[in-house]
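Right, one structure below, let's go through it.
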Amino acid sequence: MVRDSGAPTDLESLLQGNPEKVTRYLLSSGRMAMILLDRKGVILDCNAFFLESVGLSEKPVGKSIQAFLREGLQAGWECIRGDCRPVKLTFTLNGPLEYFLSGHILNVQEHYLLFAHTVRLTDHEMVVKLSRLTDELTDLTRQLNKKNRELEAANETITRLMNTDPLTGLTNRRQLKERMDAELSKARRHGHPLSALMTDIDHFKSINDTYGHAAGDAVLVGVASILRQTCRKEDIVARYGGEEFVVLLPDSPAAAALDCAERIRKAIEGNVFPEIDRKVTVSLGATLFAPTDTEDSFIGRADAALYEAKTSGRNRVVLK
């Protein structure tokens with residue numbers, strides 16, 4: 001119906017008479033999503049509101065509509081194709097959120113034109129969705145905690161390997177230096193006694209030459225085990241190099257150091273090493289920390305006491 005003025009008074013006439021203006025509105029400012037698809041469901045074009053509705057910054061031209069559908073809906077795409085059939089699509093994009101569109105799909109000139117609007121979630125749907133997201137977050141948190149525990153365990157293993165002699169399992173020389181620095185600092189600050197023992201396996205080269213290096217390694221492992229068992233938990237037992245070992249004895253005066261050294265000497269002398277058919281003995285040098293000592297002078301004095309023990313007959317303890 002048209003008035004005398006020529007202005008249309010019904011929607012059909014108005015739309016037919018102003019196709020360019022209506023098209024411009026639908027493509028740029030309209031609040032209805034529009035998607036043009038080919039027969040296989042590949043996106044050929046879309047309007048601005050579709051991009052806004054589903055959070056895309058660029059038109060997904062060339063992508064299948066199924067790539068955006070929530071898992072489980074892809075198979076249903078074949079069922080919704082048709083002429084002016086209702087459609088409700090759930091889009092899953094990057095991130096945890098889903099986007100809901102509801103509308104109709106039209107069969108237009110060998111293509112499909114989908115008109116849809118965004119759908120608000122009901123309170124029940126919102127609760128269900130929040131519950132699902134909470135469950136997913138809980139699972140992710142659990143997985144993260146597991147990975148953190150695994151990482152912590154791996155870091156502990158790496159640290160232990162870095163600080164441990166691989167043959168004997170004792171503290172290595174690198175870690176001994178760090179721990180000695182701390183013990184020297186405590187001894188100076190608090191005036192507590194600190195002693196050190198340096199021990200060397202007597203005639204160790206002869207053991208290697210006679211029985212082989214595998215037997216020599218077994219002797220080193222056995223001596224290390226006796227050192228651990230004989231010393232206190234708070235003592236620091238380290239492999240210094242080759243057949244030499246160092247023991248730091250916190251809160252131990254000279255008499256306690258001599259007593260510990262003698263226990264070590266007797267335990268090793270009385271031990272049976274199955275890999276060789278002779279006794280193993282050690283010589284030990286002992287010393288007491290002095291406030292003016294440096295690390296070098298402290299260990300150097302223990303080394304000098306060890307040298308004296310070896311040159312004076314071996315299998316004995318000397319205090320300097």
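Strictly greater than 28 Å: what percent of every Cα pair in region 173-319 meets that?
Details: 1753 of 10731 pairs.
For region 173-319, the share of Cα pairs beyond 28 Å comes to 16 percent.
For Asn47, the amide hydrogen comes within under 5 Å of the amide hydrogens of Met34, counting only partners 5 or more places away or on other chains and with H modelled in the peptide plane.
Starting from the eigenvalues of the Cα gyration tensor, five times each then square-rooted, give me the equivalent ellipsoid semi-axes of region 214-279, largest first, whole Å.
Numbers: eigenvalues 106, 35, 15 Å².
Rounded to whole Å, the semi-axes are 23, 13, 9.
Taking region 237-254 and a reference point 7 angstrom along Cα→Cβ of Ala304, the backbone N atoms nearer than 20 Å belong to 245-249, 254. Taking other C-beta atoms within 10 angstrom as a stand-in for reagent exposure, Leu248, Leu176, Leu167, Leu36 fall in the order Leu167, Leu36, Leu176, Leu248, fewest first. Note on Leu44 and Lys21: the extension gain reaches 6.1 nm, defined as 0.36 nm multiplied by sequence separation minus the Cα-Cα distance. Fewest-first ordering of Asp200, Asp139 by other beta carbons within 10 Å of each residue's beta carbon gives Asp139, Asp200.
Apply the Kirkwood formula to region 96-251: the hydrodynamic radius equals the inverse of the mean of 1/r over all pairs of different alpha-carbon atoms; give it in Å with one decimal. Numbers along the way, then the final one.
Numbers: mean 1/r = 0.0452 Å⁻¹.
For region 96-251, the Kirkwood estimate is 22.1 Å.
Size of the dipole of region 173-319 about the Cα centre, Lys and Arg at +1 and Asp and Glu at -1 on the beta carbon, nothing else charged, in debye to 20?
Details: 21 positive and 22 negative charges, 48 e Å.
Dipole magnitude for region 173-319 comes out near 240 debye.
Could you tell me what a quarter of the Cα convex hull surface of the chain works out to, in nm² with one decimal place?
Values: hull surface 132.6 nm².
So the Cα hull casts an average projection of 33.1 nm².
Straight-line cross-link reach from Lys279 at under 24 Å between alpha-carbon atoms covers these lysines, not counting any fewer than eight positions away in the same chain: Lys205, Lys266, Lys310.
Size descriptors for region 5-58 (Cα atoms only): Rg and Dmax, in that order, 14.5, 47 Å.
Once the chain from Asn145 to His190 is taken as fully extended at 0.36 nm per residue, the excess over their C-alpha distance is 12.1 nm.
Sites listed here are trypsin sites (Lys or Arg not before Pro) in region 206-281 whose DSSP assignment is loop and whose Cβ has at most 16 other Cβ atoms within 10 Å: Arg232, Lys233, Arg278, Lys279. Taking 0.36 nm per residue of separation and subtracting the current Cα-Cα distance, fully stretching the chain between Asn163 and Glu275 would add 37.5 nm. Annotation: for a label point projected 7 angstrom from Cα along Cα→Cβ of Asp296, residues of region 165-209 with backbone N closer than 17 Å are 177-178, 181. Evaluating kT/(6 pi eta Rh) at 10 °C and 1.306 mPa s, with the Kirkwood radius of region 124-163 over Cα pairs in the Stokes-Einstein relation, gives 130 µm² s⁻¹. Here the label points at Leu14 and Gln66, each 7 Å from Cα along the C-beta direction, are separated by 4.1 nm in the simple model. Comparing mean-square fluctuations of Glu12, Glu52, Glu244 from a GNM of the chain with C-alpha springs under 10 Å, the top value falls on Glu12.
We did not get these values from a lab; they are worked out from the coordinates using the rules stated. For clarity, every value in this text was computed on a predicted model and none was experimentally measured. Positions of Cβ are backbone-derived with ideal geometry, glycine not excepted, and every protein chain shown enters the neighbour counts.
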